[in-house]
Every structure is written in C-alpha cells, then in structure tokens.
1. Restricting to segment 253-268, what's the tally of residues that are under 18 Å from Gly121 (Cα atoms) and either touching a residue at least 40 places away in the same chain (Cβ under 8 Å) or in contact with a helix residue (DSSP H, G or I) (Cβ under 6 Å, 6 or more places away or on another chain) (or both)?
2. Out of the residues in segment 84-109 that are among the small types (Gly, Ala, Ser) and in a helix (DSSP H, G or I), which is surrounded by the fewest Cβ atoms within 10 Å (Cβ to Cβ)?
3. Looking at (1) more than 30 Å from Leu241 (Cβ to Cβ); (2) at pLDDT below 80; (3) of a type in the set (Phe, Trp, Tyr), which is the one condition that is false for Trp65?
4. Every residue in segment 232-252 that is touching a residue at least 24 places away in the same chain (Cβ under 8 Å), within 25 Å of Ala148 (Cβ to Cβ) and either in a helix (DSSP H, G or I) or among the charged types (D, E, K, R) (or both), please.
5. Return the pairs, sorted by first residue and then second, in which the second residue is among the basic types (Lys, Arg) and buried (at least 17 other Cβ atoms within 10 Å of the Cβ), the first residue lies in segment 46-61 and is free of Cβ contacts under 8 Å to residues at least 24 places away in the same chain and part of a loop (DSSP other than H, G, I, E, B), the beta carbons are less than 6 Å apart, and the residues are 6+ apart or on different chains.
6. If you take the residues of segment 157-180 that are of a type in the set (Gly, Ala, Ser) and closer than 19 Å to Ala100 by Cα, which of them is modelled with the lowest pLDDT?
7. Does any residue of segment 185-199 turn out to be modelled with pLDDT of 85 or more, under 27 Å from Leu261 (Cα atoms) and in contact with a helix residue (DSSP H, G or I) (Cβ under 9 Å, 6 or more places away or on another chain)?
8. When you go through Ser152, Ser166, Ser132, Ser138 one by one, which is the residue that is out of contact with any helix residue (DSSP H, G or I) (no Cβ under 7 Å at 6 or more places or on another chain) and surrounded by fewer than 21 Cβ atoms within 10 Å (Cβ to Cβ)?
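The values are calculated or read from the model by the stated rules, or taken from the named source; none is laboratory data. Keep in mind the model is a prediction, meaning the values are calculated, not measured. So basically every Cβ, Gly included, is an ideal-geometry build from the backbone, and we count neighbours across all protein chains shown.
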Amino acid sequence: MKSEISKKSDRETGRFIGTLLMVLLLIAAVTTISVTLGAIHVSPDEIVKILANKTSGKDIFAVSWEQKTENIIWNIRFPRVIMAFIVGAGLSLCGVLMQALTKNPLADPYVLGISSGASAGAVSVIILGLFSFMGGYSVIFGATLGAAVAISLSLSIASVKGRITSTQLVLAGIATSALFSALTNLIVYGFNNGSDKTKMALYWMVGSLSGATWSRVKYVFIVSVVMMAVILLFARELDILLLGDDVAETLGADTRRIKLLIILASTVLTGVVVSVSGVMNPFSTSFFLFRRLLNGRAALETPYSAVVTGRTVTLSSAYSVCPSSTA
C-alpha cells in the first residue's frame, strides 16, 4: 500500500516538474516575443546580441546597432518584461495565501481589501506628499502601510468573540475594499487642483508597468523571492490549513502562527507589487484555481501558479503597450 502511494506521489511530482520545465521554456519564448513588440522594430537577433553583451558584461558580439536601440531594449523593454513577470507571480502568490487563509478558492488580495488599501496608501503619497522624506521609496512604504491597515481593519471587523470564520473574513474584506476605494476617490477628486500629481495618480490607478527600471526590478525581485521562500517553508502547513482550523489544530499545526505569517507575507508582497504596477485586474488567482481543481495541493502548485501567471502578465503587458508605446 505504501509503495503504491509512494509511486503515485513520485508520478505527480515528476509530472509537475515536467510541466514546470515546459512552462519555463514558454517563458523564454514569451520574453523574446515581448521584447520585440513596440513602436520601434528591432530584429530578434539584435535583441539576443544586446542581451548577451549586457548580461555578460563583455562585447561577445560586435556592436552593429545604434546606442538608442540598445537603450530601448536594455533600459525600457527588458525591465518592463521582467517587472511584468514578477508582478504576475507576486499577485498569484498572494492569491495562494488568501485562499489558504479563507478556505475560499475565489479569494484574492482584492476581495480582502489589501489591494484597495495599498492603492489608497500609494495615492495618498503621490497627491498629498506623505512620507516624502523617504525619497523614491515613499510610494512603496505608503502602499505597504495602506495594505497593513486594510487587512488589520478586515480582521477587526471579522472577529466575533475572538474567532474569525472564512465567511466573516470575506464579507469584512469586501466592506474594507469598498471603504478604501471610496477613500482613494475622495483623495483624487477632493484634492484635485489641476496639478500633475493628480494626473499621475489617475494614470497610476489605471495600472501600468511603463515606469519599470532596473532599480525597481531589483527590490521587487528580492521581496518576491524572500516571500516565495517563506511560503515554501510552510507549504505543508498551508495544505493542512485548507482542511479547516479544527482539523489543522488536531494535526498539530499552530494555526495562529500560520495565519499571522499569511497576513504579513501577503501584506508586504501586495504593497510592494501595487506600488510599482498600480491596480492590476484581479485575474491573478485563476491559474492557481485551475491547477488546484486538477491536483488539489496548494503547496505543489504554488511555484507553477507563480510562473504561469507571471508569464501571462508579461505577454499581456507587452501586447497592451505595443500600439501606443514609444519604445
């Protein structure tokens, strides 16, 4: 019996690894396609040569292109592609955490108000100039703080006699999301004096990756990798939590510690992602839901979900900027 279970587990793991490798190959293809899209046509062989020279730090290929072409590929398009992948993966990871917390396969950061809180915090920084002493990191700090306030408010509303059920948390999250969305609109239109700050906030609220730079890519990548590592360390506990609090506690899991970890990780990750991308459409959890319907194991599908969603956002971003982008 044990050998059959072990063989089945090995087959599932092998199938998962094979699928993941295939998706990684697709990512390479999507990245190449995304970098080629734009108002200025650049041939794929030039793109490969530019990327090879830049990543190696040496002139492996003779420079036969203009300097502006190199700047477009390396400083505009490629950071945008990498940022799109990281944003998609980060939103998917937040969806994994929210679904484990609420036991609801449709839950995501938008449902629980985290994204709306992050948006309100970022808009407050842009228009009101809060935390300006932090320089370029002020929007990140404001978005993360807004996300933390939002999830804290959702937990407070959902708590009844010290206990929080999934239904109560989802309902509280919807109310919190509406509250912070209204607050964001109040800030935008209440402090509208025709300045560029208001226009910048409105443009940011639409959601865009056009402002991606290598410095932003670096810190968002670091945060995402750290959060991914933390999630994988507690993968077993996340699977157990999906069974319900009572069952999880019976199996020896510390549900309070796991929920605190989920809240902290999702708050930080959502705040950082929203600060660089604006409010993105909440399709981040659809691929994770699809894979869970096929397999049912959150821990095993977490990397796959992140990779697939990152790839999809990358291609969507490239397609959306293609008609109007100057690069």
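1. Adding up the residues that qualify gives 5.
2. Looking at residues that are among the small types (Gly, Ala, Ser) and in a helix (DSSP H, G or I), I get Ala100.
3. With respect to (1) more than 30 Å from Leu241 (Cβ to Cβ); (2) at pLDDT below 80; (3) of a type in the set (Phe, Trp, Tyr), Trp65 is out only on (2).
4. Of everything in segment 232-252, those that are touching a residue at least 24 places away in the same chain (Cβ under 8 Å), within 25 Å of Ala148 (Cβ to Cβ) and either in a helix (DSSP H, G or I) or among the charged types (D, E, K, R) (or both) turn out to be Leu232, Ala235, Leu238, Leu241.
5. Phe61/Lys49
6. Result: Ser166.
7. no
8. Ser152
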